[in-house]
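First up is the structure itself, then whatever we jot down about it.
The values are calculated or read from the model by the stated rules, or taken from the named source; none is laboratory data. These figures come from a predicted structure and were not determined experimentally. Cβ placement follows ideal geometry from the backbone for every residue including glycine, while neighbour counts extend to all protein chains displayed. Note: accessible area is taken over every heavy atom of the protein model, side chains too, but ligands, DNA and RNA are not part of it. Shrake-Rupley method; radii C 1.70, N 1.55, O 1.52, S 1.80 Å.
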Amino acid sequence: MLRVRCLRGGSRGAEAAHLIGAMLGRSLTGWVQRAFQSTSSAAAAQPQHAFVEEHVTEPVHQECPVCSYNEWDPLEEVIVGRAENAHVPPFTVEVKANTYEKYWPFYQKHGGQSFPADHLKKAVAEIEEMCNILSHEGVTVRRPEPIDWSLEYKTPDFTSSGMYAAMPRDILMVVGNEIIEAPMAWRARFFEYRAYRPLIKEYFKKGAKWTTAPKPTMADELYDQDYPIRTVEDRHKLAAEGKFVTTEHEPCFDAADFIRAGRDLFVQRSQVTNYMGIEWMRRHLAPDYKIHIISFKDPNPMHIDATFNIIGPGLVLSNPDRPCRQIEMFKKAGWTIVKPPTPLIPDDHPLWMSSKWLSMNVLMLDEKRVMVDANEASIQKMFENLGIKTIKVNIRHANSLGGGFHCWTTDVRRRGTLQSYFH
């Protein structure tokens, strides 16, 4: 590769010569230099510049701003989602399969419209305060772009409106110095990546790897249009039989169905993550990382981090209401399994897109600090008994949009190295 270097002084002509020379290579060196000399002649007042033709065989070293291998190394930079302009997704088959029957009238009434304005305003304020607290704890906070999610869009296969950029954990996963964009499985989230692209491009320019998983068409064939859900019993039966609303028509996955522990990542087949999506990730990350499929007694599996949340090396929160069917392999590996206490959130608080177990959807700032719900005294005590300091934040209204602290964030950089924790 040819590099044209300006040794002293500076001008726009020098910058142009540097850029063109780097892009076009050796064969155009003479043309580039003549172009610069012409520019210099026209601007005689500018100082003279000398050029050196430099062959670069190795990239110039620059510390990558993206690096994270697990869920607990010291957190240095994080993306926090936005509640602004959040819209209720249209009540399509994949949304119905992921929501509880008590909230179906809400979706039928508000699908395609904004979430209730007063509730949304409170959620926005809570997330702003969460960002302030993270900054106070020494974490750099980045945010996605505000987007108008009300706009209707049409592909050759479907028509939908948007949803939000509230949960970066669902769409972005950092593995080492690589940012992976998940393909997603809800039609309302098809263009969600647009809110994060300016940030991702910035990270890419500074040295991060950037991979976008194959974008699904989200054609009708991706979904079981007759998915027979009427009761919780139906959900339990279907999940036990390995039947989900998403088919194996094409790869799909949400990043939040994966959880990282160094060289080992754990994933569940869920309503939004199919085996083709898991296989794509397995091949993409091999041989440096190993993907383990685990499952739970869960009537509505969607996102692993309110069911199985790894909070330290060999330390995991395991939801007692959704026991892991492979828990023995973790015990044999010497891991400590902690069952979090029953959540305290009131029954009348709306949780349109999630369960009460967001109480265990915590964000580790490091092995000895955790961001936890200010209203959940019992889980605070559990962490304190584990020797972990609790950073208490109230995001009760933000919970209603479908996530806790882990969901509302994607860690960009944690200070640590790649290690094995699962043997």
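Given Cα pairs under 8 Å that are at least 6 residues apart, what percent is the relative contact order of the chain? Intermediate values should be presented prior to the final figure.
Details: 847 pairs, mean separation 82.7, N = 423.
Relative contact order comes out at 20 percent.
Taking every DSSP beta bridge with both residues inside the chain, roughly what % is antiparallel (nearest 5)?
Details: 35 of 55 bridges.
Of those bridges, close to 65 percent are antiparallel.
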Exercise for the section: Count the net charge of all other residues whose Cβ sits under 14 Å from the Cβ of Pro90, scoring Lys and Arg as +1 and Asp and Glu as -1. Expected result: +3
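Add -39500 (n - 2.57) for each DSSP H run of 4 or more in the chain, then divide by its residues: what number comes out at 222 nm, to the nearest 500 deg cm²/dmol? The partial results should precede the final answer.
Values: 12 runs with 111 residues, N = 423.
Roughly -7500 deg cm²/dmol at 222 nm, from the helical runs in the chain.
With the cut-off at 1.5 for a/c, could you classify segment 75-414 from its C-alpha gyration tensor as rounded, prolate or oblate?
Details: a/c = 1.18, a/b = 1.14, b/c = 1.04.
Judged from the Cα gyration tensor, segment 75-414 comes out rounded (a/c under 1.5).
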Exercise for the section: Express in whole angstrom the spacing between the alpha-carbon centres of segment 166-217 and segment 223-302. Expected result: 19 Å
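Find how much the distance from Ala377 to Tyr153 grows on full extension, using 0.36 nm per residue of separation minus their present alpha carbon separation; answer in nm with one decimal. Let's see the in-between values first.
Values: separation 224, 0.36 × 224 = 80.64 nm, distance 4.38 nm.
Computed gain between Ala377 and Tyr153 is 76.3 nm.
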Fill in the blank from the handout: Amide H proximity to Gly176 below 5 Å, modelled H, separation 5+ or other chain, gives Ser68, Tyr69
Practice task
Mind listing the long-range amide H neighbours of Arg369? Cut-off is under 5 Å, sequence gap 5 or more, other chains count too, H placed in the peptide plane at 1.01 Å from N.
Solution key: Lys389
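When the accessible area of segment 246-300 is computed with all protein chains present and a 1.4 Å probe, what percentage of it is carbon and sulfur?
Working: 960 of 1850 Å².
That share works out to 52 percent.
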Exercise for the section: Find how much the distance from Lys331 to Gln419 grows on full extension, using 0.36 nm per residue of separation minus their present alpha carbon separation; answer in nm with one decimal. Expected result: 29.8 nm
Completion exercise
Cross-link reach from Lys215 to lysines, straight Cα distance under 17 Å and at least 8 residues apart if same chain, gives Lys154
Handout entry: Solvent-accessible area per residue, Å², over the chain with all protein chains present [probe radius 1.4 Å]
Key = 45 Å²
Problem - Hz values of 3J(HN,Hα) by residue in segment 287-298 - Karplus curve (6.51, -1.76, 1.60), Gly and Pro given as x - result: x, 6, 10, 10, 9, 10, 8, 10, 9, 9, 7, 10
Exercise for the section: Provide the per-residue ³J(HN,Hα) series for segment 148-163, in order, calculated from phi with Karplus coefficients 6.51, -1.76, 1.60 and θ = phi - 60°, each as a whole number of Hz, with x at glycine and proline positions. Expected result: 7, 7, 7, 5, 7, 10, 9, 10, x, 10, 6, 10, 7, 10, x, 10
Completion exercise
Counting only residues 5 or more apart in sequence or on a different chain, those whose built amide H sits under 5 Å from that of Ile304 are Asp257, Phe258
Practice task
Keeping the other protein chains in place, figure out the carbon and sulfur percent of the accessible area of segment 366-423, with a 1.4 Å probe.
Solution key: 47 percent
Completion exercise
Beyond 27 Å (Cα-Cα) in this structure, taken from Lys102/Lys237; Lys96/Lys381; Lys237/Lys381, we find Lys96/Lys381; Lys237/Lys381
